[in-house]
1. Quick one: order VAL472, VAL40, VAL26, VAL255 by neighbouring beta-carbon count within 10 Å, fewest to most.
2. How much of the DSSP bridge set in region 20-340 is antiparallel, in percent, rounded to the nearest 5?
3. Please give the per residue volume of the convex hull enclosing the alpha carbon atoms of region 349-496, rounded to a whole number of Å³.
4. Any idea what the alpha-carbon Rg over 2.2 N^0.38 Å comes to for region 290-362?
5. Using all Cα-Cα distances in the chain, what percent lands in each 20 angstrom bin from 0 up to the longest?
6. Please give the helix 483-493 orientation as an angle from the longest Cα principal axis of the chain, in degrees from 0 to 90, rounded to the nearest 10.
7. Tell me which GluC sites (Glu not before Pro) from region 104-170 have a DSSP coil assignment and no more than 16 other beta carbons within 10 Å of their own.
8. Can you compute the charge dipole magnitude of the chain about its Cα centre, using +1 on each Lys and Arg Cβ and -1 on each Asp and Glu Cβ, nothing else charged? Give it in debye, rounded to the nearest 20.
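Nothing in this text is a laboratory measurement; each read-out follows from the coordinates by a stated rule. Note that the coordinates shown come from a computational prediction; the quantities given were computed from them, not determined experimentally. Note that we place each Cβ from the backbone using ideal geometry, even for glycine, and neighbour counts take in every protein chain shown.
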Amino acid sequence: MRVAAIILLSSLFLMQTPVPRIWNDVDLADWATPVAGLNVRPGHFTSAEYYSVPADNFRTYPVYPPDHEPSWYWEWLQRQKPEPLVDAARMKTTADWIAAGERAFREIDFVLARTNDPQTIGRTREKDTFGNSFLLRDGSVSDPRWVITDQGLMLTTSDCSSCHVRFNEAERSIVPAGPLVPWPESNPFIRPPGLPITDFFGRMVSRQFPDEPFGIAFWRTAATPWAPDTRIDDLRDMKSARDLGPLFGGNNGGVPRVNGSPFYGSKVPDLHLLRYYRYLDATGTHRLRGPEDIARYIAQVSSGDSMEFGPHLMLAPKQRRVTYRFADEVLYAIGVYLMSLEPEKNPFAAEPALVENGRLIFEREGCGNCHAPPNYTNGKLTPATGFEVPASHPNLVDVMAASLDTDPGLAMKTRKGTGFYKVPSLRGVWSRPFLLHDGSVTSLEEFFDAARLHNDYAPRGWNPPGVTRRAVPGHTFGLNLSAGDKRTLIAFLKDL
Ligand code: HEC
Ligand code: HEC
């Protein structure tokens, strides 16, 4: 009897892996890196504020152009009840969490973009709306998606997988977690032209900032009153999300993020490298201590950003609220999934003898001091040009003395500006379409071409809006090697 009870109890225990409480005050206290220009950590919502809203946890479903939709699908969709995106009660092993996290990463949507407006839904039932969209093998589009919530069927747009995604044109599939590759040239419409992303984005902004003109609301997400920028201030005149068009890098790797700036790029990074890092973002905005920190990061960028920077409160008092939150099990599953990833090996690696010679050049040039094998990063932070690291800095143990002198804009002039750039891992660098924190260059050949240091250079990757010629400064290691040594070094790098 007693034995049976013990077995029953322990199997119950096995069935339920506890879900960590993601937004907890203890882990939040020393999570964010201080902003360089202010020497304070950004503020955050308290745990009590964050958990005061109910959890969102809904599966989403593909959208098909009407002429590609299976005949049963539309009827079937109407009959579905809300289903959890991640069901914690069914998670028994780490493998379960990883599988749930992968699905959640693909399916999770922008809650504030959801709509059940009959006109918008009607448009998804018309063939013309889809134009020449990129169709996956099953005939669906990669974005937008359907979601079934307690308000019934709604149209929504993908969250993570609208940016961190790689399109495989030949197989008509998408590879989650990136790295982002330029959209297929032959098929420029990743999204149905009749359902533009700016419509979803405009809806999100007007719900996050009710009763406020679009331009002012957008300005709140990027302004740095302690380092004023008239180009950001001018954005207050924008009338709608459609005015953002020219500011987005589009197909050149640049995606302005909240707290970033359209004028200082941040590329969409490869999320297969997270297990090698101790900080998140190119500027190391937050510590990465385990899957919970990735979960917290998603909570922060989705709905948990109170936009407080020392004395500068960027939200009006009535805007300072948590608009929604994803269930902790959704956030945690994505964290566990992303931490389980490793970059793919290059299927076209060079001959072993050439790779070995390249490794010798890598060693000789001291690259490993920062890009230390086996992860090809030492996980540390390097100060941007102009940043005097205060002796009292809380992250001092992870800070290197050397500055790389790459463009200091993102690190010094934005709200993501910790004053640092982290040392990126070079594992999987062969598959990266954009290099450097802002994605200025598009290949290792371009990266090691000294011509990029000159003002008349035309960078092939991201450029600030309206700019075509400029220097891509800094990280001069390897620039003065002979052409032959460069080729050999690159062969080694492409094998990592
Ligand atoms: C609008 C495009 C966009 C969307 C949507 C998006 N991201 Fe990102 N993400 C970025 C960009 C750009 C960066 C780089 C930011 C930086 O370096 O400052 C980034 C950075 C990250 C990082 C840090 C990576 C590193 O190497 O330090 C993680 C983790 C991450 N995103 C996960 C997610 C997850 C999970 C989702 C969905 C919940 C998501 N992102 C949605 C564009 C996006
Ligand atoms: C003192 C530290 C340091 C040394 C030495 C160093 N790097 Fe880097 N490397 C960095 C940092 C930091 C970045 C990111 C800079 C940025 O984005 O602004 C970087 C970026 C890169 C990138 C671009 C990766 C990406 O995804 O953007 C490559 C490739 C690279 N380094 C290769 C090398 C090679 C090869 C050597 C030796 C010839 C070398 N590095 C020496 C610190 C270093």
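1. Values: VAL472 24, VAL40 14, VAL26 9, VAL255 20.
Arranged by neighbour count, lowest to highest, VAL472, VAL40, VAL26, VAL255 become VAL26, VAL40, VAL255, VAL472.
2. Details: 24 of 27 bridges.
So the antiparallel bridges amount to about 90 percent of the total.
3. Numbers: hull volume 17.2 nm³, N = 148.
Looking at region 349-496, the number lands at 116 Å³ per residue.
4. Details: Rg = 21.3 Å, N = 73, 2.2 N^0.38 = 11.2 Å.
It is 1.90.
5. All Cα pairs considered, the percentages come to 21, 56, 22, 1, 0.
6. Taking Cα atoms only, the helix is inclined about 30 degrees.
7. Numbers: sites: GLU107, GLU126, GLU169; in loops: GLU126, GLU169.
Sparse-neighbourhood loop GluC sites (Glu not before Pro): GLU126, GLU169.
8. On the way: 54 positive and 57 negative charges, 83 e Å.
Using only the charged Cβ atoms, the result is roughly 400 debye.
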